[in-house]
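Novice: Starting off with a structure, shown below.
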Amino acid sequence: MCGLGCTKFFNVVLSLAGLGLSLYALFVETKASKDEEYRPLCDIDDQISCSAVFTSKYARGFGQVEQLLGAEHPLNQPNSVYGIAFYSLMLLLSFINRRFIATMQVFFSFLACVMACYLGYLLYFVIKAVCVVCVATYAVNFLMLLFSVCKRKALAPKKLQEDKYGYYIPTTTTPSVNNNFKKFI
């Protein structure tokens with residue numbers, strides 16, 4: 001499978017891609033809310049329209065915060081703000097090669113995929129429009145989950161070698177001219 005350097009590279013690239021998509025989504029949402037005649041690049045027709053999705057009631061607080069806490073609550077932010085925070089966190093975690101951090105990345109990526117399924121359901125069945133930016137972020141979330149799992153596997157502890165009697169065989173990662181441990185065999 002992928003090595004540690006490969007997974008770090010792809011996690012960084014995917015985090016930057018998700019961050020860019022989230023920033024673009026925030027730009028389109030703020031621009032569309034101020035200017036009624038604004039047509040973003042991702043609006044292709046009536047069925048494939050980012051602005052229709054970003055101006056819907058589900059575009060803020062995942063459609064749930066306003067119902068639970070009210071429209072003026074500080075958590076009722078555009079979904080893209082949550083995306084910016086998520087991808088920034090994942091970008092920072094991508095540079096740390098510890099198994100616990102990799103486990104956190106897998107957990108956060110899994111939660112992002114669950115949210116992508118929820119938002120995809122809303123997108124297709126409730127809003128009845130397709131958003132190119134949204135579908136791209138769903139793909140980024142899925143790929144980020146795959147590479148986070150790959151990173152966690154690459155950071156797994158190495159098994160010690162043992163002989164047929166159950167004794168551990170000492171190994172070294174540094175090449176040495178004088179193998180002193182062989183004297184005791």
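Novice: Pull up segment 123-137, narrow it to residues that are assigned to a helix (DSSP H, G or I) and in contact (Cβ under 8 Å) with a residue 24 or more places away in the chain, then point me to the one that is surrounded by the fewest Cβ atoms within 10 Å (Cβ to Cβ).
Specialist: For segment 123-137, the residue satisfying everything is VAL126.
Novice: Can you tell me which residues in segment 26-83 are loosely packed, with under 14 Cβ neighbours inside 10 Å and of a type in the set (Gly, Ala, Ser)?
Specialist: Passing the criteria: GLY70, ALA71.
This table checks each residue for (1) without any contact (Cβ under 8 Å) to a residue 40 or more places away in the chain; (2) polar (S, T, N, Q); (3) more than 21 Å from LEU119 (Cα to Cα).
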position	(1), (2), (3)
GLU36	yes, no, yes
PRO40	yes, no, no
ASP45	yes, no, no
SER51	yes, yes, no
ARG99	no, no, yes
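Novice: Among residues belonging to segment 16-46 that are in contact with a Cys (Cβ under 9 Å, 6 or more places away or on another chain) and small (Gly, Ala, Ser), point out the one that is nearest to ALA85 (Cα to Cα).
Specialist: ALA25
Novice: Just checking, which of MET90, MET115, MET104, MET144 is free of Cβ contacts under 8 Å to residues at least 24 places away in the same chain and part of a helix (DSSP H, G or I)?
Specialist: The unique qualifying residue is MET104.
Novice: Can you tell me how many residues in segment 54-73 are under 25 Å from GLY20 (Cβ atoms) and more than 21 Å from the chain's Cα centre (by Cα)?
Specialist: Number satisfying all stated conditions: 3.
Novice: Among the residues of segment 118-174, how many are in contact with a strand residue (DSSP E or B) (Cβ under 9 Å, 6 or more places away or on another chain) and at pLDDT below 70?
Specialist: 5
Novice: Against the conditions (1) farther than 18 Å from GLY120 by Cα; (2) assigned to a helix (DSSP H, G or I), where does LEU41 fall short? Just the number, please.
Specialist: It fails just one condition, (2).
Novice: Mind checking which residues of segment 78-136 are within 27 Å of ALA52 (Cα to Cα), under 14 Å from the mean Cα position of the chain (by Cα) and hydroxyl-bearing (Ser, Thr, Tyr)?
Specialist: Within segment 78-136, SER80, TYR82, TYR87, SER88, SER109 qualify.
Novice: OK, next. Of the numbered conditions (1) farther than 23 Å from PHE142 by Cβ; (2) under 14 Å from the mean Cα position of the chain (by Cα), LEU16 satisfies every one except a single condition; which is it?
Specialist: (1)
Novice: Here's another thing I want to ask about it. State which residue is farthest from LYS31 (Cα to Cα) when the search covers only segment 54-108 and only residues that are in contact with a Leu (Cβ under 8 Å, 6 or more places away or on another chain), at pLDDT 85 or above and small (Gly, Ala, Ser).
Specialist: Among those that are in contact with a Leu (Cβ under 8 Å, 6 or more places away or on another chain), at pLDDT 85 or above and small (Gly, Ala, Ser), it is ALA102.
The values are calculated or read from the model by the stated rules, or taken from the named source; none is laboratory data. The shown structure was predicted, so the numbers you read here are calculated from the model rather than taken from an experiment. Neighbour counts run over all protein chains shown; Cβ positions are idealised from the backbone, glycine included.
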